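What follows is one structure encoded as structure tokens, with my remarks underneath.
The values are calculated or read from the model by the stated rules, or taken from the named source; none is laboratory data. All of these numbers come straight from a predicted model, not from anything done at the bench. Here the Cβ is made from the backbone with ideal geometry for all residues, glycine too, and neighbour counts use every protein chain on show. SASA here: full protein model, heavy atoms, side chains in, ligands and nucleic acids out. Shrake-Rupley method; radii C 1.70, N 1.55, O 1.52, S 1.80 Å.
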Amino acid sequence: MKLSLSLLLFIFCGHIQAQYADNSEIEKIIESGNVSTEQEIDYTELQNKETYNKKFNINKISVLDFHSSTLLSFGHLEQIIEHQKLYGPIKSKYELQTIEGLDSNSIELLLETFDINDFSLHTLISQKHQKQFRLKHNYRLEKSLGFTLSDSNRFMGNRSKIAFLYQSESINLDYGIHIEKDAGETAKMLFQSAYIMIKPKNKIQNILLGDQQINFAQGLCIGTGIASGKSTLVMQVMKNNIGCKPYKSFNETGFLRGASMKAILSPKFETVLFTGIRQLDSKPKSDSNVISFGSILNTGYYRNEEEQKSRHQLYQYLNGCHTVFKTQNLEIGTTIIYHQIKTNPFKTDKSLNVTSEFDKETRLKFGLDWKFHLKNNLVFGEVSRTPNLGTSMLAGLLSAIGKKTDLSILYRYYTFTEGLNLSNGFGSSSSNSNEKGFYMGFCTLLPSKITLSFYNDLCQFDQAKFRVDAKSYQSEQMIELAYKTKQAFSIYARIKQTEQEQNANSEERIHSIEKHHKTVIRLHSEIKFEKIKIRNRVEFIKYGIENQSARLGNLIYQDLQFSLGKKTNLTFRYSSFSSDDYNSRTFAYENDVPGTFNIPAYIGKGTRSYILIKHQIQKDLQIWIRFARSSFAGVESNGTGLNYIDKPHASDLTFQLQWKL
């Protein structure tokens with residue numbers, strides 16, 4: 001349930017876009033990333049902003065923390081830093097207008113997170129509690145195969161998917177609870193998550209109890225949740241040192257259940273301590289009086305007897321700390337982690353002999369990370385060492401070349417690691433193992449408000465990996481031209497090409513290696529009026545395998561977003577798609593109710609449409625209704641496995657009630 005994606009804080013401006021503020025940031029992340037999965041994933045953990053959004057003084061924040069905000073381009077942030085060096089602290093928002101390259105939209109975006117002074121109206125307002133309540137119900141109208149079987153594969157619950165969320169955040173205390181039942185699951189299989197974060201006003205900055213997400217430095221020592229990777233946001237290759245933060249996602253894997261504490265040891269030293277467990281799914285295999293466990297499963301589904309047998313069979317115990325030395329232009333951190341995997345003590349029959357391929361997974365990990373800012377350059381990196389297994393490292397550079405061009409360079413070397421990997425650093429694969437590569441990207445502002453973005457990534461895998469039984473190579477290039485006016489119109493054209501090696505589809509015991517080529521061409525435009533927004537996209541895919549004819553795919557869609565009075569907003573999409581096979585499938589992000597994310601795979605031939613309605617019942621109370629339907633041409637069924645439907649269409653209906661205070 002992990003993807004490789006890049007992080008960016010992106011806020012849409014205008015009347016229509018405000019209605020989807022909850023998801024607009026993540027839409028930009030997904031649309032810019034390498035989406036390659038049809039699994040249902042909650043991308044909430046990718047959001048940089050919390051519900052309680054504390055502002056920082058732009059004149060007192062360190063240079064490295066300023067760059068970590070990722071609000072503007074690297075070059076624009078460098079121009080603000082240079083302005084402060086020449087003229088001293090910024091005295092008002094009007095002074096920002098004198099900095100070359102900062103337009104009104106950029107300044108508005110900057111002031112979303114930063115204040116000019118220590119005290120503002122926002123500071124006064126944010127001292128109050130902010131609460132959020134959300135209740136969602138989703139229902140698939142067509143019955144899939146799993147609901148009709150009579151054996152152990154039959155889904156034991158009904159077709160309703162229900163989710164409940166409550167969050168409360170303030171200056172001194174945050175807490176929340178999340179409950180979800182997937183379609184086909186019973187009430188006994190509920191996903192339940194909770195956290196409470198205490199924020200004292202002393203050297204203990206926060207104490208977090210319950211479920212949490214952990215990311216230190218560049219993610220080589222430890223990084224839970226969704227990983228970062230290549231995207232059109234070519235300057236977003238550096239990860240931020242998030243530390244431990246509350247887990248607010250409905251993904252049922254990728255989080256730590258335990259306790260953590262962040263302490264300020266001195267003005268230049270701070271540390272984070274954590275301890276807890278991760279509950280892992282693994283399918284048991286019985287042989288007389290011996291039970292063994294194999295690979296880790298990340299689906300998060302427990303709909304039938306077979307799936308329930310895998311639930312939380314293993315525990316991963318994690319303990320560690322991260323200490324960092326910080327100055328205005330320098331950060332140096334160290335990480336120590338101890339982790340061990342054992343069988344679940346509450347599910348293991350003591351009379352049986354239980355084994356696991358992770359029995360020897362008692363490991364220490366050590367890490368060293370750094371960030372250094374010099375003039376218009378930011379150097380960053382991390383080294384991770386696991387005794388008896390080897391050393392992995394990542395090093396990168398962000399640089400402003402002149403006033404209009406930004407450059408990013410990153411080298412990575414990940415040693416081959418067996419077993420469960422804790423990392424989620426920058427890379428081409430889902431695990432930071434058996435990979436070395438070099439990435440270079442740049443972004444430049446051309447005349448006539450045109451932006452050119454480009455990256456080239458070359459990597460090598462020295463050991464065998466999934467679907468490749470020998471040493472292999474991969475290359476990926478992307479180029480994008482984008483044009484955007486201040487308010488009304490934007491358009492971009494993008495070409496991305498990937499070449500990789502995989503096993504040939506043959507019956508031979510020793511597979512030969514063949515090259516796979518994939519080219520994606522996209523043209524996307526948006527135009528905004530006072531009460532309406534129109535989006536259009538055309539995308540073509542060509543997928544070729546060595547000595548075989550190419551397979552083709554395409555997607556065309558049109559979006560309409562408009563207001564029906566002051567309280568009701570509507571979004572409608574109609575799309576047409578075609579793909580010759582699985583490899584030539586396309587993807588597209590869809591607007592959905594807040595906290596829900598749809599990126600369906602378009603396979604075969606057909607059409608897909610949806611309508612999303614938001615109605616403001618009261619000032620803080622909203623109701624959302626969404627209906628989506630996929631129709632497939634030339635077939636009598638759709639879906640595979642237990643999700644097989646004996647009809648050429650699939651329809652989903654969603655209701656959500658949201659209350660914010």
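Some observations on this one:
- Accessible area of the stretch 379-510 belonging to carbon and sulfur atoms, whole % at 1.4 Å probe: 57
- The translational diffusion coefficient of the stretch 94-222, from Stokes-Einstein at 10 °C and 1.306 mPa s with a Kirkwood hydrodynamic radius over alpha carbon pairs, comes to 81 µm²/s.
- Couplings 3J(HN,Hα) for the stretch 468-481, derived from phi with the Karplus relation 6.51 cos²θ - 1.76 cosθ + 1.60 (θ = phi - 60°), are 9, 9, 8, 4, 9, 10, 8, 9, 8, 10, 9, 9, 9, 10 Hz, where x marks Gly and Pro.
- Low-density loop positions, chymotrypsin sites (Phe, Trp or Tyr not before Pro), the stretch 448-483 - DSSP coil, at most 13 other Cβ in 10 Å: Phe466
- q = 0.23, 0.24, 0.28, 0.29 Å⁻¹, the stretch 489-545: log10 I(q)/I(0) [Debye, one scatterer per Cα]: -0.88, -0.91, -1.04, -1.07
- Across the stretch 599-661, the relative contact order, built from alpha-carbon pairs under 8 Å that are at least six residues apart, equals 33 percent.
- Looking at the stretch 246-348, the trypsin sites (Lys or Arg not before Pro) that sit in a DSSP loop and have at most 16 other Cβ atoms within 10 Å of their own Cβ are Lys268, Lys347.
- Of the solvent-accessible surface of the stretch 515-623, computed with a 1.4 Å probe over protein heavy atoms with every protein chain present, carbon and sulfur atoms account for 57 percent.
- Among the listed pairs Lys60/Lys91; Lys486/Lys619; Lys181/Lys309; Lys136/Lys614; Lys245/Lys436, a Cα-Cα separation exceeding 19 Å is found for Lys486/Lys619; Lys245/Lys436.
- Across the accessible surface of the stretch 134-213, with the other protein chains kept in place and a 1.4 Å probe, carbon and sulfur atoms take up 61 percent.
- Rounded D (µm²/s) - the stretch 545-661, Kirkwood Rh over Cα pairs, Stokes-Einstein at 4 °C, 1.567 mPa s: 80
- Which of Tyr302, Tyr87, Tyr166 is most accessible, then next, and so on - probe 1.4 Å: Tyr87, Tyr166, Tyr302
- For Gln313, net neighbour charge (Lys/Arg +1, Asp/Glu -1) across residues whose Cβ lies under 9 Å away: +3
- Once the 1.4 Å probe is applied to the protein heavy atoms, the stretch 175-296 comes out at 37 Å² accessible per residue.
- Averaged per residue, the stretch 526-650 has 48 square angstrom of accessible surface, using a 1.4 angstrom probe with ligands and nucleic acids left out.
- Gln205 long-range amide H proximity, modeled H, under 5 Å: Lys262, Ala263, Ile264
- Radius of gyration and Dmax over the Cα atoms of the stretch 431-516, both given in Å: 18.6, 60
- Pairwise centroid distance, computed over Cα atoms, of the stretch 129-192 with the stretch 517-537, Å: 33
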